[in-house]
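Before any comments, here is the structure.
Nothing in this text is a laboratory measurement; each read-out follows from the coordinates by a stated rule. This one's a predicted model, so the numbers in the text were calculated from it and none came from an experiment. Cβ sites come from the backbone with ideal geometry, for glycine too, and all protein chains shown count toward neighbours.
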Amino acid sequence: MNTIIVDTGPLVALLNRRDRHYQWARDVLDRIEPPLLTCEAVVSEACFLLQRLSGGQDAILELLARSIVRVSFTLDAEVDALRALMKRFADVPMSLADACLVRMTELAPRSQVLTLDAAFRIYRRNRRLMIPTIMPSSTGER
């Protein structure tokens with residue numbers, strides 16, 4: 001079974017019915033067996049983006065409390081690798097959250113990233129390998 005690593009976008013879309021990717025996120029997440037893995041930087045971004053949505057931040061924390069989403073990454077153990085990734089992809093640019101997710105795919109080779117971020121088509125793990133992703137098609141199909 002592949003490990004699914006979730007980015008900020010699908011979490012926000014799932015919890016915000018007005019998000020243009022809401023239905024896509026629902027459909028995809030209905031087919032995925034929990035837990036979804038992530039990092040604290042993604043949780044922080046999602047809470048920030050959902051702060052104005054009534055109950056939005058609590059909904060993110062509820063996903064964690066119910067182990068639907070699980071933080072499985074220790075930032076301090078990976079600082080050097082994250083710095084190297086962020087330097088390598090500075091022209092994209094790469095956020096801390098994205099660097100954490102790329103590093104997570106390096107540590108879990110059979111993983112896929114659930115994302116809305118097209119930069120994951122540019123990022124490479126282990127310097128040269130494409131990162132398997134689950135994302136909406138570029139044509140807008142589901």
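For the reader, a short list of remarks on this structure follows.
- In this calculation the C-beta distance from F48 to R124 is compared with R0 = 25 Å, giving a FRET efficiency of 0.35.
- Share, in percent, of DSSP beta bridges within the chain that are antiparallel, nearest 5: 15
- Here the stretch 78-142 and the stretch 1-70 have alpha carbon centers that stand 17 Å from each other.
- Sequence-separation-based contact order of the chain, relative, with Cα cut under 8 Å and 6+ spacing, percent: 28
- Gaussian network model of the chain, springs between alpha carbon atoms under 10 Å - residue of E40, E106, E78 with greatest fluctuation: E78
- Dipole of the chain, positive direction: furthest Cα of P93, G9, L63, with charges on the beta-carbon: P93
- Most mobile listed residue (V92, V43, V113) in the chain, GNM with C-alpha springs under 10 Å: V92
- For the residues V69, V28, V12, a GNM of the chain with alpha-carbon springs under 10 Å puts the largest fluctuation on V28.
- Tensor-based shape of the stretch 87-142 (alpha-carbon gyration tensor, a/c under 1.5 rounded, otherwise prolate or oblate): oblate
- Measuring spread by the Cα atoms of the stretch 42-142 yields a radius of gyration and Dmax of 14.6, 42 Å.
- Local electrostatic count, L107, Cβ distance below 12 Å [Lys/Arg +1, Asp/Glu -1]: +1
- Using just its DSSP H runs of length 4 or more, each adding -39500 (n - 2.57), the chain gives a mean residue ellipticity at 222 nm of -12000 deg cm²/dmol after division by all residues.
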